[in-house]
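Let me begin by presenting the structure, written as structure tokens, before commenting on it.
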Amino acid sequence: MNETIKPYAEKMAKTCEHLNAEFTTIRAGRANPHILDKIAVDYYGTMTPLQQVGNITVPEARMIQIAPWEKSLIKAIEKAIMASDIGITPSNDGTVIRLVFPELTEERRKEIVKDVRKKGEDAKVAVRNVRRDGNDALKKLAKTEISEDEIKSMEEELQKLTDKYVKEISDMVEDKSKEVLTV
């Protein structure tokens, strides 16, 4: 791969990685501990990721269990989960917190698929913006030190990269949509 194009390829790859991370936080009816990744708990005045204040397990297909390392944190963890947008009310028995995931309705599944498709479209737009930035940079180079043939081949390489990542994003959206719609 041409060194001039490499940073643009890396940006496109990062866009795909970001989309994948976004998809892990979308719940598809099964309990996925990654939906808790963005939740922070007030731990003695410091906002700390939930994973660092307790043990998170999935004892059943539709339940996440959080066992805080300090019992005094139960209220703070419950408060953080309630303030988040995961839409699940925690319950505790004094030692552990349980998050029970209700079965998703058909209507809710369709809403989630719409959201998945929107995130996919946003990622495709981001990849195309990276291509545009790359093409602009190549046009500036054309005025100085590189021949038109080299510019043409780099533009083609950039287009191939764009096509590859757009297809990858489409595949990711399709897979996540199937996962969400599977009952």
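The values are calculated or read from the model by the stated rules, or taken from the named source; none is laboratory data. All values derive from a computational prediction rather than experimental measurement. For neighbour counting, all protein chains shown are included, and Cβ atoms are generated from backbone atoms with ideal geometry for every residue, glycine included. Please note that ligands, DNA and RNA were not included when accessible areas were found on the heavy atoms of the full protein model with its side chains. Shrake-Rupley method; radii C 1.70, N 1.55, O 1.52, S 1.80 Å.
State whether the residues of region 156-168 include one that is charged (D, E, K, R) and within 15 Å of E3 (Cα to Cα). Yes, there is a match, as at least one residue in region 156-168 is charged (D, E, K, R) and within 15 Å of E3 (Cα to Cα).
Quick check, is K139 among the basic types (K, R) and out of contact with any helix residue (DSSP H, G or I) (no Cβ under 7 Å at 6 or more places or on another chain)? Criteria met by K139. Looking only at residues of region 1-56 that are in a helix (DSSP H, G or I), open to solvent by less than 20 Å² (accessible area, probe 1.4 Å) and in contact with a strand residue (DSSP E or B) (Cβ under 9 Å, 6 or more places away or on another chain), we find that the one that is nearest to I112 (Cα to Cα) is I35. Filtering I86, I169, I151, I74 for residues that are outside any helix (DSSP H, G or I) and open to solvent by less than 40 Å² (accessible area, probe 1.4 Å) leaves a single hit, I86. In region 104-139, the residue that is farthest from T25 (Cα to Cα) out of those that are open to solvent by 20 Å² or more (accessible area, probe 1.4 Å) and in contact with an Asp or Glu (Cβ under 7 Å, 6 or more places away or on another chain) is N135. Pairs are defined by a Cβ separation below 9 Å, a sequence spacing of at least 6 or placement on different chains, a first member in region 116-136 that is closer than 14 Å to E157 by Cα, and a second member that is open to solvent by 60 Å² or more (accessible area, probe 1.4 Å) and hydrophobic (A, V, I, L, M, F, W, C); no pair meets this definition.
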